[in-house]
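Structure first, commentary second.
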Amino acid sequence: MFINSRTINNLWREMDGFRQEVDRLFGRQILSPHGGAAPALNVWEDEGAFYIEADLPDVPADKLDVTVKEGNRLAITGERKATEPANAVWHRQERFVGTFTRELTLPAPVDADKVQARFEYGVLKLTLPKSEAARPRKITVKAEPNTV
């Protein structure tokens, strides 16, 4: 069977339709487009550190926990309380509520003692310095004197 871009687009459209139907049946978003009730992440690195941003609107900072395990495994856990307006009829409820965990494995170990976490405008911003062993090193090449 040959799969072309039209077939893939149709498959994605069907999967999205299924997700929307499940959400409609339950009255809120159940099947998140990014794989469950967890925040969307941006992750990048430079020579010295990894940087992560997690979108967490309406999640209080005191309900967040950031943990580095085994040198390169990051876990972000937290909780967003449900909004329960009195006498309201929901038309859409797409933002996840309840507890969540988002875990990822970084490509290199980090120095857990130097990790920095800031929470600004609903965005958790992490700086995870790479461990000394994981940082690139320039090696000096020594030339032996020519012996003829």
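Here, each number is a calculation from the coordinates, and none is a lab measurement. All values reported here derive from a predicted model rather than from experimental measurement. Glycine also receives a Cβ, built like all others from the backbone with ideal geometry; neighbour counts cover every protein chain displayed.
Here are the numbers for this structure:
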{"read-out": "Residue-wise HN-Hα coupling along segment 88-105, computed from phi with Karplus coefficients 6.51, -1.76, 1.60 (Hz; x: Gly, Pro)", "value": "9, 10, 6, 9, 8, 9, 9, 7, 5, 10, x, 8, 8, 9, 10, 10, 8, 9"}
{"read-out": "Contact order relative to length of segment 35-132, as percent, for alpha carbon pairs under 8 angstrom and 6 or more apart", "value": "33 percent"}
{"read-out": "Under-5 Å amide H pairs with Gln93, H placed in peptide plane, nonlocal only", "value": "Gln29"}
{"read-out": "Fraction in percent of alpha-carbon pairs per bin - 5 Å, segment 66-148", "value": "3, 10, 14, 15, 11, 10, 8, 7, 6, 5, 3, 2, 2, 1, 1, 1, 1, 0, 0, 0"}
{"read-out": "In order through segment 109-122: 3J(HN,Hα) via Karplus (6.51 cos²θ - 1.76 cosθ + 1.60), integer Hz, x for Gly, Pro", "value": "x, 10, 8, 4, 6, 10, 5, 10, 10, 10, 10, 10, 6, x"}
{"read-out": "Estimated inter-spin distance, Val141 and Glu103, nm [label 7 Å along Cα→Cβ]", "value": "4.4 nm"}
